[in-house]
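Input: a single structure, listed below in structure tokens.
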Amino acid sequence: MENVSYRGTITSGRGLKPSKISQLSLKSNGLEMNFSSRSPLSLITEDNIKRNLYLQKINRVENSLQLEFKYDTFIRFTSDPLSNNCSVDFSIPKTLPPVKEIQLSTEAYAPFQMTRDDENRYMLTDGTSSFFLDMDQEFKFNPRNKILTISMKNRTSTTLALEDKAPGLGRTVREWLAEEKQINDSQYKNIINKYRLLAYRGWKSRFDKNLGEWSLPNGKFQFEEGTLIQHISASLKNNEYSIVLPDLLKAAEKNNAKLTWYSALFTGNIINKGAPLLRGDPQQLLSNVVNLPIEGNPESSPYREIMELKALLSDPEAQDYDAWIEENIFPLIVWLEEGLFIFHPENPISDTLLNLQASDMLIKVGEQTANDRLVQIGQKIIASLLAKADENGFLPKQITFSRERASQEEGYLKPEEIMSLFPDPEYSPRIIDISEKAGEGSWLYTVAKTARVQSSDKALNIDLYYPKGQIHHVILRGIDPFDRILLHGIQWKSDPHFQRYSDGWVYDSVKRTLYVKLRQRSSKESINIQKALPAVAVPVSEPDKTQVEAVIETN
């Protein structure tokens, strides 16, 4: 039941003696009520006679919990699922003489304290959240004996409300900027790097090499191409590829039907699987794969404003981003105890993916317009969300806030689903525009740590940096017909079956596309494309057909 928790003790019955509830503690919104043999519910009649009633039964129905006592006396606790409010209804019998007041053991539970505000209202507060005790009857609290006394004069029922009547949720982003709570670039980079490492450790602990799949928070296992790529990439960055790669490539082979051009640079079969890259815009294809689409109601806020911002950034004629952002986005950024978050003030539910992508846009606009404030805001929102990651890097999909704190977290986002927002080009599949060196429309698809392209009248040279001894693949699009290719400094003949071996290449003259497979003999290897016959003869070397690749090949 929302905002209400309880625990107690039931003594077992013996013979004709029934079992009974000997103790019950019930907590809600900072207030604790206790019922036991030492703390009964007391009815005091007009003749000042006190009758102590002991708890007999508990009934729970939906959002209500009803306590039953002798003489048809009831206390019902009801929680409002749409708010933080809770009500306590008291119902007593008609008696002669009538009941003038009821008493029960009550106190504030830690970290809450019961105090009074400037209007002399009873208030339960922990420094950030505040709940007010509100009744239409007179009541008083004795802090010494912790007894709450409620007047029942001329009535048989009354309600005590525990309501959140404090001012609006959080503070504004302008207040955050004014108090200089920003994080610097070094701190932000450290936060991102720590999250990357957390995600990598999570992939390792989640991976079951027998299944070839990764576990999820719900206990199920799943294979996804994006998870495979991120795990391989991270193992290369963390210099653990020799330990990790064999099992990951076996998992890829087991799930070959699920693989596409996206992972082909690691797993092979680049001609067949790489075909979609040649039919469309490769950068857009890559963006569609790595960026998780935002889902939401286009009429609801803040989804509407974030989509408008996205459209604004895509408009080449738009210029005054800053003013629009301050007018439309700033009111949706709330400063809470746990950081900065984006949500509508009337609906304090923060969508994590929406927040992350909006923050990424703010950072890009800030960098483009030299507006440090936007960069700092975007970085702080991302840092606030990453702080909620679990031990495997999973983030809550949605966060509901109550006052200054997160009151509920729902769903999850996998770390591999958001890594595109923290791009690290090292060992990640990426499209590199090489049109300045190789001609209009040319590009390079690679997972090399670094790729450097040099061009002259006689040759086009691509230097690729990758761990020694490891195999990777390359696609070069927009390459004009050439005379010969040098791999490892020696001339290498084309072979349509090159993917069977450790090194090789093939050229599609119709599509002007070069496919290369390369085993690094050193940390830097070069693909040297000779445009014209060299002045000095270069020795020809056949591929070493004893070096057969131990990765996926499907020809």
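The values are calculated or read from the model by the stated rules, or taken from the named source; none is laboratory data. Worth saying up front: this structure is predicted, and the values here are computed from it rather than measured. For neighbour counting, all protein chains shown are included, and Cβ atoms are generated from backbone atoms with ideal geometry for every residue, glycine included.
Report whether or not Thr352 is assigned by TED's automatic domain parsing to the domain that holds Asp185, of a type in the set (Ser, Thr, Tyr) and out of contact with any Leu (no Cβ under 7 Å at 6 or more places or on another chain). No.
Looking only at residues in region 384-411 that are out of contact with any Ser or Thr (no Cβ under 6 Å at 6 or more places or on another chain) and among the acidic types (Asp, Glu), the one that is surrounded by the most Cβ atoms within 10 Å (Cβ to Cβ) is Glu409. Scanning region 13-59 for residues that are under 47 Å from the mean Cα position of the chain (by Cα) and among the β-branched types (Val, Ile, Thr), we see that the one that is farthest from Lys146 (Cα to Cα) is Ile58. Among the residues making up region 333-361, those that are part of a strand (DSSP E or B) and over 17 Å from the mean Cα position of the chain (by Cα) are Ile333, Val334, Trp335, Leu336, His344, Asn347. Consider region 333-364 and keep the residues that are under 20 Å from Asn291 (Cα atoms) and among the β-branched types (Val, Ile, Thr). The one that is surrounded by the most Cβ atoms within 10 Å (Cβ to Cβ) is Ile342. Mind checking whether some residue in region 265-288 is more than 30 Å from Val510 (Cβ to Cβ), surrounded by 19 or more Cβ atoms within 10 Å (Cβ to Cβ) and of a type in the set (A, V, I, L, M, F, W, C)? There is no residue in region 265-288 that is more than 30 Å from Val510 (Cβ to Cβ), surrounded by 19 or more Cβ atoms within 10 Å (Cβ to Cβ) and of a type in the set (A, V, I, L, M, F, W, C). Take Glu299 and decide whether it is at pLDDT below 90 and assigned by TED's automatic domain parsing to the domain that holds Glu175. For Glu299, the condition - at pLDDT below 90 and assigned by TED's automatic domain parsing to the domain that holds Glu175 - is met. Residue check: is Pro543 surrounded by fewer than 13 Cβ atoms within 10 Å (Cβ to Cβ), at pLDDT below 95 and not small (Gly, Ala, Ser)? Against the criterion (surrounded by fewer than 13 Cβ atoms within 10 Å (Cβ to Cβ), at pLDDT below 95 and not small (Gly, Ala, Ser)), Pro543 does not qualify. Within region 9-24, is even one residue surrounded by fewer than 16 Cβ atoms within 10 Å (Cβ to Cβ) and within 24 Å of Met135 (Cα to Cα)? No, region 9-24 contains no residue that is surrounded by fewer than 16 Cβ atoms within 10 Å (Cβ to Cβ) and within 24 Å of Met135 (Cα to Cα). Scanning region 519-533 for residues that are at pLDDT 95 or above and among the small types (Gly, Ala, Ser), we see that the one that is surrounded by the most Cβ atoms within 10 Å (Cβ to Cβ) is Ser526. Only one of the numbered conditions (1) in contact with a His (Cβ under 9 Å, 6 or more places away or on another chain); (2) buried (at least 20 other Cβ atoms within 10 Å of the Cβ) is not met by Lys204, and that is (2). Take the conditions among the hydrophobic types (A, V, I, L, M, F, W, C) and either modelled with pLDDT under 90 or not assigned by TED's automatic domain parsing to the domain that holds Ser151 (or both) and apply them to Val61. Does it pass? Spelling it out, Val61 is indeed among the hydrophobic types (A, V, I, L, M, F, W, C) and either modelled with pLDDT under 90 or not assigned by TED's automatic domain parsing to the domain that holds Ser151 (or both).
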